[in-house]
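Since the structure comes first, as structure tokens, the remarks are kept for the end.
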């Protein structure tokens, strides 16, 4: 349990490992910086990140969760939200939510300035993540993500 009652979110040290993805995919997360705000307070049921995307960066591989709901809120900058085969421009004050089992999604920073957003998602055990554009499947087990090829071979 954390004794912290309030913080400046921007002062939280960025996550030391830029991506949990297998090495072959991790490089695609260059320019993404996550500050794990929920962890500072010892939250275990859901995660909260303050995430920045430099120009050209993406939030994640195009994906959909089987059990986890996700929510994002744009703080600064302009991001392109890709949901299925549709796109929308998100500006400060805009938000989006992704119900488990919905359409695949991710954010892209196609602008010349950085994007800052808050992302919230639960930590459901047994959550499976499908990545329709990549040979990748993830399963949350014992609080960690296990990555496999679509045919079940581990990375």
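Site pair residue 144 and residue 86 shows an inter-label distance of 3.9 nm when each label is modelled 7 Å from Cα along Cα→Cβ. Multiplying the residue separation of residue 124 and residue 78 by 0.36 nm and subtracting their alpha-carbon distance yields 13.6 nm.
Semi-axes of the equivalent ellipsoid of the range 1-133: what are they in whole Å, largest first, if each equals the square root of 5 times a C-alpha gyration tensor eigenvalue? Display every interim value, and only then the final one.
Numbers: eigenvalues 94, 70, 45 Å².
Over the Cα atoms of the range 1-133, the semi-axes work out to 22, 19, 15 Å.
Report the FRET efficiency, 1/(1 + (r/R0)^6), for residue 43 and residue 95, where r is their Cβ-Cβ distance and R0 is 25 Å, rounded to 0.05.
0.80
Calculate, in nm to one decimal, what residue 6 and residue 28 gain on full extension: separation in residues at 0.36 nm each, minus their alpha carbon distance.
4.6 nm
Where in the range 43-59 does the label zone of residue 111 land, with the point 7 angstrom along Cα→C-beta and an amide N cut-off under 18 Å? It comes to 50-59, nothing else. Hydrodynamic analysis of the range 55-155 uses the Kirkwood radius over alpha carbon pairs. Inserted into Stokes-Einstein at 4 °C and 1.567 mPa s, it gives a translational diffusion coefficient of 91 µm²/s.
No lab work stands behind these numbers, since they all come straight from the coordinates. From a predicted model like this one, the values you see are computed outputs, not experimental measurements. All Cβ positions, glycine included, derive from the backbone under ideal geometry; neighbour counts span all protein chains shown.
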